[in-house]
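This report concerns only the one structure given below.
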Amino acid sequence: MPDDTFARAKVAQWLFFEGDYVQAGIATLRHWVLTGKDRRRLPELVEMKRALAVKTLGILDSELATNPFLGGPAYTIADMSVFARLYAPGPRRPAAA
C-alpha cells in the first residue's frame, strides 16, 4: 500500500472495482463456462455477464494505457488482486493423443 493518502484511496478504489466488476463479471462468467453452468443459466443472464466483462476489460485497458499500473506509477495490491482474477487459468485439459 502506498504511504500517500490519495494513492491509498486509489488503491482502495481499484480493490472495490475488482470486487464489484472483475469478480462479478469476468470471474463469474469464467467459472460458469469452465464448469458448464453457463448452459444451465438463462441466455440473457449469460449475455449480461459477457457485457459486464467486456465493459470491465475496457475500463482496465483505458487505465493501463495511461499508467503502467492500476492507479499510478507503482505496483500495488490492487494490481495483484485484479491480476489474480484475470489470469487465473482454468482446469487443464488432457492433451489430445
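Since every read-out is calculated from the coordinates, none of them should be taken as a lab result. Quick caveat: nothing in here was measured; it's all calculated off a predicted structure. Here the Cβ is made from the backbone with ideal geometry for all residues, glycine too, and neighbour counts use every protein chain on show.
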About the Cα centre of the chain, how large is the charge dipole given +1 on each Lys and Arg Cβ and -1 on each Asp and Glu Cβ? Please answer in debye to the nearest 20.
680
Answer label for Rg and Dmax of the Cα atoms in Å (calculated), chosen among [x] 15.8, 56; [y] 13.5, 45; [z] 24.3, 83:
[x]
Note: H31 to R50 extended length (0.36 nm per residue) minus current alpha-carbon separation gives 5.6 nm
Within region 13-79, trypsin sites (Lys or Arg not before Pro) in DSSP loop having at most 15 other beta-carbon neighbours inside 10 Å
R41
How would you rank I26, I77, I59, going from fewest to most other Cβ atoms within 10 Å of each one's own Cβ?
I59, I77, I26
How large is ³J(HN,Hα), in whole Hz, for each residue of region 37-44 in order, when computed from phi with the Karplus curve 6.51 cos²θ - 1.76 cosθ + 1.60 and θ = phi - 60°, using x for Gly and Pro?
5, 4, 6, 9, 9, 4, x, 5
Give the distance, in whole Å, between the Cα centre of region 7-22 and the Cα centre of region 70-88.
10
When a footprinting reagent is the concern and you count Cβ atoms within 10 Å, what order do Y21, Y87, Y75 take, fewest first?
Y87, Y75, Y21
State whether region 1-58 is rounded, prolate or oblate according to the following rule on the C-alpha gyration tensor (a ≥ b ≥ c being the square roots of its eigenvalues): a/c under 1.5 gives rounded; otherwise a/b larger than b/c gives prolate, and the remaining case gives oblate.
prolate
By the scheme Lys and Arg +1, Asp and Glu -1, what is the net charge of all other residues having a beta-carbon under 9 Å from that of A78?
-1
Find the relative contact order for region 15-67 and round it to a whole percent, using C-alpha pairs within less than 8 Å whose residues are 6+ positions apart.
44
Along the Cα-to-Cβ line of L57, 7 Å from the Cα, sits a label point; which residues in region 9-23 have backbone N less than 15 Å from it?
22-23
